[in-house]
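The values are calculated or read from the model by the stated rules, or taken from the named source; none is laboratory data. Note that the structure is predicted; figures quoted are calculated from it, not measured. Don't worry about glycine lacking a Cβ; one is built from the backbone with ideal geometry, like all the others, and counts go over all protein chains shown. Side chains included, ligands, DNA and RNA excluded: accessible areas come from the protein's heavy atoms. Shrake-Rupley method; radii C 1.70, N 1.55, O 1.52, S 1.80 Å.
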Amino acid sequence: MKILFDLTGLYDHITGVERYAMEIAKAFCESYPEHQYILVFKNQIHKDFIKICGMENVKPVVIKGNGRLITGQIKLPICLYKQRADAYLFLAFPEPLLFFHKNIYTAIHDMAPWEKGNTLKHLSKYY
């Protein structure tokens, strides 16, 4: 199986959400070598993945970009369509709005949009 991890959020800053995505991606690559992995980074391979990206079953892909919005909503979907993975994992942020595929997996870290939706800005609630 070919599994793609969106790790573009690691470039901007590391919070608990990005740390979660990072540790899950590393654990998969190291624990299940029978699968192929595509790791998508923004601007450079994250320093914690240099060794992992040297593994035979891991393919790093680097997207160049400055802004989170343009990179995540335009450049990332173009990249994803080119990769043709069997599963797409978005463990730090939801998948791009312009990416449609049947095997998308997104982690939900916070129930605020459902529990406290009235406290969010309109655009944040929609996203």
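A few remarks follow.
- Net charge, Met1 excluded, C-beta distance under 9 Å - Lys, Arg +1, Asp, Glu -1: -1
- Principal-axis tilt of helix 16-31 within the chain, Cα atoms, nearest 10 degrees: 30
- Residues whose placed amide H lies under 5 Å from that of Thr106, excluding near-sequence neighbours: Phe90
- Karplus 3J(HN,Hα) series, Hz, for the stretch 56-66 with 6.51 cos²θ - 1.76 cosθ + 1.60 (x for Gly, Pro): 4, 9, 10, 10, x, 10, 10, 9, 8, x, 9
- Whole-number D in µm²/s for the chain (Stokes-Einstein; Kirkwood sum over Cα pairs; 37 °C, 0.692 mPa s): 216
- Residue-count net charge about Ile78 - beta-carbon cut-off 14 Å; Lys, Arg +1, Asp, Glu -1: +3
- For His101, distant residues with modelled amide H under 5 Å away: none
- Whole-percent carbon and sulfur share, accessible surface of the chain, 1.4 Å: 58
- Separation of the alpha carbons by more than 23 angstrom is noted, of Lys75/Lys121; Lys64/Lys121; Lys2/Lys42, for Lys75/Lys121; Lys64/Lys121.
- Accessible area (Å², per residue) of the chain, counting only protein heavy atoms and a probe of 1.4 Å: 63
- Taking one quarter of the surface of the C-alpha convex hull of the stretch 13-85 gives a mean projected area of 5.1 nm².
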